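The values are calculated or read from the model by the stated rules, or taken from the named source; none is laboratory data. Source: prediction; values computed, not measured. Using ideal geometry, Cβ is built from the backbone for each residue, glycine included, and neighbour counts are taken over all protein chains shown.
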Protein chains: 2
Amino acid sequence: MIKSRVLHLMGIGESLVEEKVRDLIHTQANPTLAPLAGCGEVRLRITAKAEDDAQADSRISPLEAEIRRRLGDFIVGADAQQIENTVSHMLRESGLTLAVAESCSGGLISHRLTNIPGASDYLVAGLVCYSNPAKTALLGVKEETFAAHGAVSEAVALEMAEGVRKRLKADIGLSTTGIAGPTGGRPAKPVGLVYIAVSSVAKKVCEEHRFRGERESIKHQTANAAFNLLRKVLESGLLSQ
Amino acid sequence: MIKSRVLHLMGIGESLVEEKVRDLIHTQANPTLAPLAGCGEVRLRITAKAEDDAQADSRISPLEAEIRRRLGDFIVGADAQQIENTVSHMLRESGLTLAVAESCSGGLISHRLTNIPGASDYLVAGLVCYSNPAKTALLGVKEETFAAHGAVSEAVALEMAEGVRKRLKADIGLSTTGIAGPTGGRPAKPVGLVYIAVSSVAKKVCEEHRFRGERESIKHQTANAAFNLLRKVLESGLLSQ
């Protein structure tokens, strides 16, 4: 029999992952180790040939442990588990509710969350607000903020996350604003520039990212990074000061 | 000229698809057949070289028919990427604006529309309202309507489409409500039952669908049917009585 285990990594590039485990890729015959890429996510697949499931596990485990020793900080999930599954599980465990305000990810975060059965237990609602007027009408982003910082800015991301959380009476607000391209980029704000914010009563955080690739890839990278930020904030104790 | 047709499959793995059509991949020269994968979807692309469009179609059609005979249950759309392109083009031409209220499609309609550059020109906003309270708070769906008909009903779909159009001051409202599964189905309202509505000042229409398949497949079928309904309504003259 053949058994595989896939580790999902975030916040690290494909080439650096390969560099960190190159020796393992080249020296291992059973199990084998292979990097997989695509959709803004890096994965490592461990594949063992064995007589039975237990033997496969006993071959996979030591290699997995070694990879976790080297890259543990970047591993966000194992197997077919995508990062939204991890976040979904954490939200369900915590009993916290989420509201999402998407600009450049355009509904992809809501779509990926609602691919998981029972998402309505924690997802209050998702708002896709592309235009500035929609961000003002639905989320309460101030016109002065657009004027001072532009729609793609930390200030707007934070007001979006705050606004969606408060207006939808959720525990957590999550927002994205950025330039998915191919048009709309300028030297100061190029295609791929994305701000992602999380807001709770006690905490506000915003991350700046500079993604590369096609429009749909930038949307996926944005969604992955948003789920990852949410995971980190939930792990660090969202409700503490 | 070269013409391609892409078939989108859901609920079946890439390797099984390849196995089912391997002979067609290897024996065909014109048209050619190639599997495409990525981002949770398997696609088959048929590409014909021909003198003109009609000749290309005549080459593509027999191969498509053979693939549908083998894999029809898993094909969720043909050129499915293109139906939102068609709708996008029609909206742009007409100068009409759109607001979307999604329940069972969970953000997928907004996501697919915003994969097209410039979607903000006609997409005012998209609201993902899973819960009844969110449908009431964001869209104004009446509590009596839920009580009388249930959340998955023509009446709720129509109130969602009306509500999102009026509240977001768009020319057209588009809504979905249904049971994507795997849980939540009952004999009277099984998994796959979906209502899709379109609203304008002059017109209200609602379609009932009964889709089959996995949760994500039902979401894609819902989005495809929603784009198709919108296309039909736009073609028939949305603003006439």
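Would you confirm whether or not the range A:97-107 contains a residue that is among the polar types (S, T, N, Q), crowded, with 20+ Cβ neighbours inside 10 Å and within 11 Å of chain B (Cβ to nearest Cβ)?
Yes, the range A:97-107 contains a residue that is among the polar types (S, T, N, Q), crowded, with 20+ Cβ neighbours inside 10 Å and within 11 Å of chain B (Cβ to nearest Cβ).
Go through (1) among the hydroxyl-bearing types (Ser, Thr, Tyr); (2) closer than 28 Å to residue A:216 by Cβ; (3) without any contact (Cβ under 8 Å) to a residue 24 or more places away in the chain for residue B:47 and report which single condition fails.
(3)
How many of the residues in the range B:179-193 are within 17 Å of residue B:102 (Cα to Cα) and in contact with a helix residue (DSSP H, G or I) (Cβ under 7 Å, 6 or more places away or on another chain)?
Counting residues in the range B:179-193 that are within 17 Å of residue B:102 (Cα to Cα) and in contact with a helix residue (DSSP H, G or I) (Cβ under 7 Å, 6 or more places away or on another chain) gives 3.
Pick out the one residue from B:19, B:14, B:66, B:51 that is closer than 30 Å to residue B:215 by Cβ and loosely packed, with under 12 Cβ neighbours inside 10 Å.
Just a single option satisfies the conditions, and that option is B:19.
Of the residues that make up the range A:191-205, is at least one among the basic types (Lys, Arg), within 19 Å of residue A:156 (Cα to Cα) and not in a loop (DSSP other than H, G, I, E, B)?
yes
Would you check which residues across the range A:71-96 are farther than 30 Å from residue A:21 by Cα and surrounded by fewer than 18 Cβ atoms within 10 Å (Cβ to Cβ) and list them?
Answer for the range A:71-96, where residues must be farther than 30 Å from residue A:21 by Cα and surrounded by fewer than 18 Cβ atoms within 10 Å (Cβ to Cβ): A:92, A:93, A:94, A:95, A:96.
Just give me the residues in the range B:162-188 being part of a loop (DSSP other than H, G, I, E, B) and touching a residue at least 12 places away in the same chain (Cβ under 8 Å), in sequence order.
Scanning the range B:162-188 gives B:168, B:169, B:170, B:171, B:179, B:180, B:181, B:182.
Within the range A:22-36, count every residue that is over 20 Å from residue A:73 (Cα atoms) and surrounded by 14 or more Cβ atoms within 10 Å (Cβ to Cβ).
3
Within the range B:112-121, restricting attention to residues that are closer than 15 Å to residue A:108 by Cβ and either part of a helix (DSSP H, G or I) or modelled with pLDDT of 95 or more (or both), which residue is nearest to the other protein chains (Cβ to nearest Cβ)?
B:114
Pairs please, first residue from the range A:100-121 and closer than 12 Å to residue A:219 by Cα, second anywhere and surrounded by fewer than 24 Cβ atoms within 10 Å (Cβ to Cβ) and of a type in the set (A, V, I, L, M, F, W, C), Cβ atoms under 7 Å, 6+ apart in sequence or on different chains.
These pairs meet every condition: A:104/A:179.
Looking at this structure, is residue A:152 within 12 Å of chain B (Cβ to nearest Cβ), under 20 Å from the mean Cα position of the chain (by Cα) and either modelled with pLDDT of 95 or more or under 30 Å from residue B:103 (Cα atoms) (or both)?
It is false that residue A:152 is within 12 Å of chain B (Cβ to nearest Cβ), under 20 Å from the mean Cα position of the chain (by Cα) and either modelled with pLDDT of 95 or more or under 30 Å from residue B:103 (Cα atoms) (or both).
I'm checking my understanding of the structure. Among residues of the range A:122-145 that are assigned to a helix (DSSP H, G or I) and farther than 15 Å from residue A:104 by Cβ, which one is farthest from the other protein chains (Cβ to nearest Cβ)?
By that ranking, first place goes to A:144.
Which of the strands (runs of 3 or more DSSP E) contained wholly in the range A:1-111 include at least 1 residues that are modelled with pLDDT of 90 or more and in the same structural domain as residue A:197 (by TED's automatic domain parsing)?
A:98-102
Each row is one residue, and each column tells you yes or no for (1) on the phi < 0 side of the Ramachandran plot; (2) under 18 Å from the mean Cα position of the chain (by Cα).
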| residue | (1), (2) |
| --- | --- |
| B:67 | yes, no |
| B:83 | yes, yes |
| B:87 | yes, yes |
| B:95 | no, no |
| B:99 | yes, yes |
| B:104 | yes, yes |
| B:117 | yes, no |
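Quick one: would you say residue B:57 is surrounded by 12 or more Cβ atoms within 10 Å (Cβ to Cβ) and within 25 Å of residue B:215 (Cα to Cα)?
no
Name the residue that is farthest from the other protein chains (Cβ to nearest Cβ), counting only residues in the range A:187-241 that are basic (Lys, Arg) and closer than 18 Å to residue A:112 by Cβ.
Step by step, filter the range A:187-241, then rank; the result is A:232.
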